[in-house]
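Computed from the coordinates by the stated procedures, all read-outs in this text should not be read as laboratory data. The shown structure was predicted, so the numbers you read here are calculated from the model rather than taken from an experiment. So basically every Cβ, Gly included, is an ideal-geometry build from the backbone, and we count neighbours across all protein chains shown.
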Amino acid sequence: MAQILAHNLKPAATWGSGGASYDTVSQSIADAIDHVVNRIWPQPGERILDVATGTGWTARRLSNRGAKVTGIDIGEGVIEAAKLIAPEIDFKVGDAEALEFPDQSFDCVTSTFGVMFVSRPEAAAAELARVTRKGGRLGLVTWLPGSAVEEIFQTMRPYMPPPPDNPPPSPFAWGREGRVRELLGDTFDLAFEPGTTVLRMPSGQTVWDIFVTGYGPTKTLAASLDPERRTALQRDFIAMHEKHRSPVGLAMPRDYLCTIGTRK
């Protein structure tokens, strides 16, 4: 097994905790995943690395186009699930901040709402560039600051322990073009396209049931709380989603940034 950097062991446990149930969470963003897959337009036989692959939804989409795909994630639980879902794909436990692959190993590298959650963005950005061949492609989708997804984390924050004195930067900074240029503009020619994926589910209770089972941060937080505080978190989480109710169910728009790069 690839080594997970020491400062990422706790996040690895969190993100891996959803196991196979995380695939339902990925299903809810399938159109955003297809957005970036269609923009990089994978070709048969191309070597593609999907970073922070989760249960491999994006990796499967790429493989269906004929690409030779490797998927890595720090979460052992989601990688074990990915292997069972798609045994034909090369899935590995791995750390985005210290990839195990040689320089210029891949024709294309993707990450769909994954690499944005790393602890050390500069290290991860350098690794994305290092393993992409000259002229190769990069495809990212990242949540925008102020999006409904950031609101989910804001809803959970009062129930979390106090942040450390030197907290990692906000993952939602990856949703700003300027920040992405800071991280990747020296090594990639970059272009951007906005997108919106709509969460359509019957109710806030449905969303809670899916997230508390399959989404690592929500599942881990809920499991850490006493019954009273867990009930309060559930109430606030459901209420936040119910703000997006339509006559036939929930319809919550979630804005993201699609980044496409060509390795210099």
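Of note:
- Counting every alpha-carbon pair across region 47-134, the share separated by more than 23 Å comes to 13%.
- Candidates 144, 24, 38 compared by Cα position along the dipole of region 1-160: farthest toward the positive end lies 38, with charges placed on Cβ.
- For residue 250, the residues 5 or more places off, or on other chains, whose built amide H falls under 5 Å of its own are 201, 203.
- In sequence order, region 120-128 has phi-based couplings of 10, x, 4, 5, 5, 4, 5, 5, 4 Hz under the Karplus curve 6.51 cos²θ - 1.76 cosθ + 1.60, θ = phi - 60°, and Gly or Pro positions carry x.
- GNM result for the chain, Cα springs below 10 Å: residue of 95, 31, 107 fluctuating most strongly: 31
- Karplus-based coupling profile of region 26-35, in residue order and whole Hz: 5, 4, 6, 10, 4, 5, 5, 5, 4, 4, with θ = phi - 60° in 6.51 cos²θ - 1.76 cosθ + 1.60 and x standing for Gly or Pro.
- Rounded, prolate or oblate (a/c below 1.5 giving rounded, otherwise prolate when a/b exceeds b/c) for region 162-264 by Cα gyration tensor: oblate
- Residue by residue, region 9-24 carries 3J(HN,Hα) couplings of 5, 5, x, 4, 5, 5, 6, x, 5, x, x, 4, 5, 5, 4, 5 Hz when phi is fed to the Karplus relation 6.51 cos²θ - 1.76 cosθ + 1.60 (θ = phi - 60°); x denotes Gly or Pro.
- Both numbers refer to the Cα atoms of region 88-135; Rg and Dmax are 10.8, 32 Å.
- Viscosity 1.306 mPa s, temperature 10 °C, Stokes-Einstein D of the chain from Kirkwood C-alpha radius, µm²/s: 85
- The Cα atoms of region 72-216 define a convex hull whose projected area, averaged across directions, is 10.5 nm².
- In nm, spacing of pseudo-spin labels at residue 209 and residue 235 (7 Å Cα→C-beta vector): 2.1
- Global form of region 1-158, assessed from the alpha-carbon gyration tensor, a/c cut-off 1.5: rounded
- Between region 166-238 and region 98-136, the C-alpha centres lie 21 angstrom from each other.
- Looking at region 66-114, the pairs of alpha carbons with a distance over 19 Å make up 25% of the total.
- Inter-site label distance for residue 153 and residue 193 at 7 Å from Cα along Cβ, in nm: 2.5
- Here the dipole of region 72-133 is about 120 debye; that uses its Cα centre as origin and unit charges on the Cβ of Lys and Arg (positive) and Asp and Glu (negative).
- Computed over region 7-78, the range of Cα coordinates on each principal axis works out to 36, 24, 17 Å, biggest value leading.
- Remark on residue 188: its backbone amide H falls under 5 Å from those of 264, a criterion applied only to residues 5 or more positions apart or on other chains, H modelled at 1.01 Å from N.
- Charge dipole magnitude, Cβ of K and R +1, D and E -1 - the chain, Cα centre, debye nearest 20: 340
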